[in-house]
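Colleague: The structure follows.
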Amino acid sequence: APGRRGYSSAGAAEFLHRSIVPTMHYQKSLPRLPVPKLEDTITRYLNAQKPLLNDDQFRKTEELARAFEKGIGRELHEQLVAQDNQNKHTSYITGPWFDMYLKAREPVVLNFNAFMSFNPDPKSEYNDQLIRATNMTVSAIRFMKTFRAGFLEPEVFHLNPEKSDTEIFKKIIRFVPSSISWFGAYMVNAYPLDMSQYFRLFNSTRLPKPEKDELYTDEKAKHLLVLRNGNFFVFDILDRDGNMLKPSEIQAHLKYILSDNSPAPAFPLGYLTSENRDTWASLRKSLLESGNEEALQKVDSAMFCLSLDDFPVKDFVHLSHTMLHGDAANRWYDKSFNLIITKDGTAGINFEHSWGDGVAVLRFQNEVFKDSTETPAISPQSQPASVDSSRAVQKLDFKLNDALKAGITKAKQKFDATVESLSLNMIQFQEGGKELLKQKKVSPDAVAQLAFQMAFLRQYDQTVATYESCSTAAFKHGRTETIRPASVHTKKCSEAFVKELSKHSTEELQNLIVECSKYHGRLT
């Protein structure tokens, strides 16, 4: 209802919604991530090793694991538990997790940054690049304002939504103190998720530093960074009172940027963010020393990075390449996220991974898609405001010495070679998906994981260590945890399908799949 969304004088909705329950209502009372028992960890470790080793290797591994469990492992475990008890405000994994990401020296692109793409707008005329860029930018700012005002619905995993995802429940739980609110949700089988990462979605960048990078956030900054054709543009998207510009003004500024005909820079700065982190750290130091401090500050503190690409997307493989890496000249991989919109209005998000995980980005993406398609700020008939964009929009110029030019050239060569070595392909399986599998009472995730195991066995004739990520966001400061999907069950099933199909009846094969699904469910 428009009355509840909160309109500014500009007439555009400033908020996505106004949640009855404050955004961070559950944060204080989230349960802490438990430290697993050492013997359980050893058991899981051995179960994960079993399909990978022959009998002799496994016996040796088992001996080592049991010796570890009785000796040094026990001491280490006691130290970990003691340390955990001294840091009840957080999770035992938080520090090491940030270290793992921020100390890694490999380039972020292809090694860490992930992408997710948006569906097209159901109304095809809204997929015009300028219309979609304007509408998504407005929705992204609405999300930011809704979150900062505490109006964003808390993120909750509902196992029984009929009971917990209701107005009546929300009206009751909002009066339960934050220190115990989680228990109220838990009573109705709802699991509030950690939202401590969300503030890093905006005005945030990963800064390259020698040995360990830093996360930087400046919530006072009011401008947007727009990349087009390798050129950098910024303009204020909030006024001094923190109100969003009128959508027609944002449209005017983006139109101005899309019609800018300055040539692509000979030395595009974006490539530096694809470099080895130590290399990039020393080049950034040179950039700062060469008088680029103000320009870099604009890049680092910007609300987010909007990347406007000058080509349409051909197919899903091209889409994946574009969103996963694209042209580094037109990306700033260190930004918390790049919102990428191509010539035909195809949109996606490429996000830096150290600050947060898929849960926060997916929530942002779902809200932006819903808002920009259901209540778009502008329509194909909308006229851009008659404002002087040449004054409002600033093109950033960077002063580059020979060493920096050489650094960019080298970064480009490395980037091009790396991207060249990446092959992506896809098949769309039309015979049925998760609904079919649920009817058959097997887990869709388990079947997808089993498919990877079978494909790998068919291609390489072996079973290897396999990683699947799962979210631990149901715990305070939770990140992700590793599932080891390769098991004696998947190995047995894969070998039956790949090597001895004719020896098994349909029923036997079905039973093997069910067995894998049950085990995978327990692991998860």
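The values are calculated or read from the model by the stated rules, or taken from the named source; none is laboratory data. Every value quoted in this text rests on a predicted model; they were computed, and no experiment measured them. Cβ: placed from backbone, ideal geometry, glycine included. Neighbour counts: every protein chain shown. Heads up: the accessible areas ignore ligands, DNA and RNA and are worked out on the full protein's heavy atoms, side chains in. Shrake-Rupley method; radii C 1.70, N 1.55, O 1.52, S 1.80 Å.
Colleague: Which residues, counting only those in the stretch 401-426, are open to solvent by 100 Å² or more (accessible area, probe 1.4 Å) and small (Gly, Ala, Ser)?
Modeller: Selection gives 423 alone.
Colleague: For the structure I just gave you, tell me whether residue 28 is of a type in the set (Lys, Arg), touching a Ser or Thr at 6+ places or on another chain (Cβ under 7 Å) and over 30 Å from residue 137 (Cβ atoms).
Modeller: yes
Colleague: With respect to the numbered conditions (1) under 25 Å from residue 499 (Cβ atoms); (2) touching a residue at least 12 places away in the same chain (Cβ under 8 Å); (3) open to solvent by 20 Å² or more (accessible area, probe 1.4 Å); (4) assigned to a loop (DSSP other than H, G, I, E, B), which one is the sole condition not fulfilled by residue 429?
Modeller: (2)
Colleague: Follow-up question, since we're still on this one. If residue 459 satisfies every condition in (1) open to solvent by 40 Å² or more (accessible area, probe 1.4 Å); (2) touching a helix residue (DSSP H, G or I) at 6+ places or on another chain (Cβ under 9 Å); (3) not in a loop (DSSP other than H, G, I, E, B) but one, which is the exception?
Modeller: Of (1) open to solvent by 40 Å² or more (accessible area, probe 1.4 Å); (2) touching a helix residue (DSSP H, G or I) at 6+ places or on another chain (Cβ under 9 Å); (3) not in a loop (DSSP other than H, G, I, E, B), only one is false for residue 459: (2).
Colleague: While we're here: Right, residue 339: open to solvent by 10 Å² or more (accessible area, probe 1.4 Å), touching a residue at least 60 places away in the same chain (Cβ under 8 Å) and either among the aliphatic types (A, V, I, L, M) or in the same structural domain as residue 259 (by the TED database) (or both) or not?
Modeller: Criteria not met by residue 339.
Colleague: Run residue 481 past the list (1) modelled with pLDDT of 95 or more; (2) among the acidic types (Asp, Glu); (3) within 30 Å of residue 87 (Cα to Cα) and report the number of the one that doesn't hold.
Modeller: Only one criterion in (1) modelled with pLDDT of 95 or more; (2) among the acidic types (Asp, Glu); (3) within 30 Å of residue 87 (Cα to Cα) is unmet by residue 481, namely (1).
Colleague: Quick check: anything in the stretch 102-109 open to solvent by 50 Å² or more (accessible area, probe 1.4 Å), of a type outside the set (Asp, Glu) and either modelled with pLDDT under 95 or not in a helix (DSSP H, G or I) (or both)?
Modeller: no
Colleague: Pairs under 6 Å by beta carbon, first residue not assigned by the TED database to the domain that holds residue 352 in the stretch 260-285, partner open to solvent by 30 Å² or more (accessible area, probe 1.4 Å), six or more apart or different chains?
Modeller: none
Colleague: Continuing with this model, one more query. Restricting attention to the stretch 299-314, does a residue exist that is open to solvent by less than 10 Å² (accessible area, probe 1.4 Å), assigned to a helix (DSSP H, G or I), modelled with pLDDT of 95 or more and not charged (D, E, K, R)?
Modeller: yes
Colleague: Right, next: Looking at the stretch 465-486 only, could you name the residues that are β-branched (Val, Ile, Thr), outside any loop (DSSP other than H, G, I, E, B) and in contact (Cβ under 8 Å) with a residue 40 or more places away in the chain?
Modeller: Listed by number, the residues that qualify are 480, 483.
Colleague: Go through the stretch 95-137 and count every residue that is hydroxyl-bearing (Ser, Thr, Tyr), under 20 Å from the mean Cα position of the chain (by Cα) and in the same structural domain as residue 332 (by the TED database).
Modeller: 2
Colleague: Answer with yes or no whether residue 398 is open to solvent by less than 60 Å² (accessible area, probe 1.4 Å), within 24 Å of the chain's Cα centre (by Cα) and in the same structural domain as residue 255 (by the TED database).
Modeller: no
Colleague: Related question: Would the stretch 178-201 turn up any residue that is surrounded by 15 or more Cβ atoms within 10 Å (Cβ to Cβ), among the small types (Gly, Ala, Ser), at negative phi and within 21 Å of the chain's Cα centre (by Cα)?
Modeller: Yes, the stretch 178-201 has at least one match.
Colleague: Can you tell me which condition residue 438 does not meet? The list is (1) assigned to a helix (DSSP H, G or I); (2) farther than 30 Å from residue 278 by Cα; (3) in contact (Cβ under 8 Å) with a residue 40 or more places away in the chain, and all the others hold.
Modeller: Only one criterion is unmet by residue 438, namely (3).
Here's the yes/no breakdown for (1) hydroxyl-bearing (Ser, Thr, Tyr); (2) free of Cβ contacts under 8 Å to residues at least 40 places away in the same chain:
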position: 93; (1), (2): no, no
position: 97; (1), (2): no, no
position: 100; (1), (2): no, yes
position: 112; (1), (2): no, no
position: 121; (1), (2): no, no
position: 124; (1), (2): yes, yes
position: 137; (1), (2): yes, no
